[in-house]
Amino acid sequence: MNLTNYSDCFKQLGWDPFFQQYFQALAVPGSEPARISSEFKNSYKVYSRYGDLTARLSGKMHHRADMEIGRPAVGDWVIITAHAAEMTCTIHAVLPRKSKFSRKAAGERTEEQVVAANVDTIFIVNGLDGGRNLNLRRIERYLTIAWNSGAEPVIVLNKTDLCGDVGAHVQDVEAIAGGIHIHPVSARERTGLDALRGYLGRGKTVAFLGSSGVGKSAIINALLGEERQRTGDVREGDLTGKHTTTRRDLILLPGGGLVIDTPGMREIQMWTSEDGLQDAFSEITTLGKQCRFHNCKHESEPGCAVREAIEKGIIHSSRLGSYRKLCNEIDYLDARDKNSTRLREKTKWKKIAQLSKEINKRHDS
């Protein structure tokens, strides 16, 4: 991307008064804004008024990212000093985010991984070609995190050309979607895409999330009108896709709007609050207020409105099972996070005490 008009460049990339106020407040001399478009191991690509620049963190920023604030994510607005002749720049700070989609990072440590930042809409993409590409329990998990992100979740059902009864699948998804928009599309046949383009106005950002093989990159290629993103076949045994997208990319569409393509996620570990859970399971939380006991767990308590709704066929029992499972996961994560915070504080103050002891020892000698 290379936009010569400074103001037009940033508006097209999603710049607005929200980011402007924080940029002015930080007032880093000789700096300007840019937006993270790709993330690598030790560097980034950013969109700037000079075009695409290779970016690295400043020394101070690198230290703070490791110790306090985390690293920039794709979609972040950052403050840079540009070295236009070399097409490089230095990142000094990350501006506050309007939204972020986060999950627990892989591994044993309780850490947040920001998948996409400053997103207006999240497309939760599923495939209608059979196998595991349409999984209602996985959709519930995505929705729980998406509701907590600050972005609007939308469900996209791709590969309608390979499905004999699209309407039946839409009804199944509607039962768990809580009234959010559901769009059946076919990236291969270019059908249903106008509904998706409605979310991609000038300066608007949409993140594509979903498992490998559901056709995220294929939809983006259809919206772009060119084969820019790599796509791959799915395995015949379980119709699971190969990981053709290996990193997150922020892509500027020719007609306006931006999309974030993401690698397929084999698992989505929770990183959210109970608010996201209440939005994703609104019918259970609403009925829960009618239970006889305010702390009803919807198990065997008398006067449980949720259990009564299940017995009457208003709610499927699988919804309550998913709700309980995600509640337990959020509670466990919260406990792990609190314990990790205590350990970090203990380590920090231990180092401070050691340093103080060394200073006093040198002073006494």
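Read-outs: derived from the displayed coordinates by stated rules, not from any lab. For clarity, every value in this text was computed on a predicted model and none was experimentally measured. Don't worry about glycine lacking a Cβ; one is built from the backbone with ideal geometry, like all the others, and counts go over all protein chains shown.
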_At 7 Å along Cα-to-Cβ for each site, give me the label-to-label distance between S318 and L162 in nm._
2.0
*Given a cut-off of 29 Å, name the pairs among K45/K204; K41/K325; K159/K297 whose C-alpha atoms lie farther apart than that in the structure shown.*
K41/K325; K159/K297
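Could you calculate the FRET efficiency of T81 with H181 from 1/(1 + (r/R0)^6), where r is the beta carbon distance between them and R0 is 41 Å, rounded to 0.05? Before the final figure, lay out each step's value.
Values: r = 42 Å, r/R0 = 1.01.
FRET efficiency, T81 to H181: 0.50.
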*If each of H63 and R188 carries a label point 7 Å out from its Cα toward its Cβ, how far apart are those two points in nm?*
5.6
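Just want the ordering: S217, S318, S300, from fewest to most Cβ atoms lying within 10 Å of their own Cβ.
Fewest-to-most Cβ neighbours within 10 Å comes out as S300, S318, S217.
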*Let me know the shape class of the range 27-98, please: from the alpha-carbon gyration tensor, a ≥ b ≥ c as square roots of the eigenvalues, rounded when a/c is under 1.5, otherwise prolate if a/b is greater than b/c, or oblate.*
rounded
_Stretch gain in nm, segment N135-Q113, where the contour uses 0.36 nm per residue and the Cα spacing is subtracted_ = 5.6 nm
*Subtract the Cα-Cα distance of T88 and L26 from 0.36 nm times their separation in residues, and report this length gain in nm to one decimal.*
20.2 nm
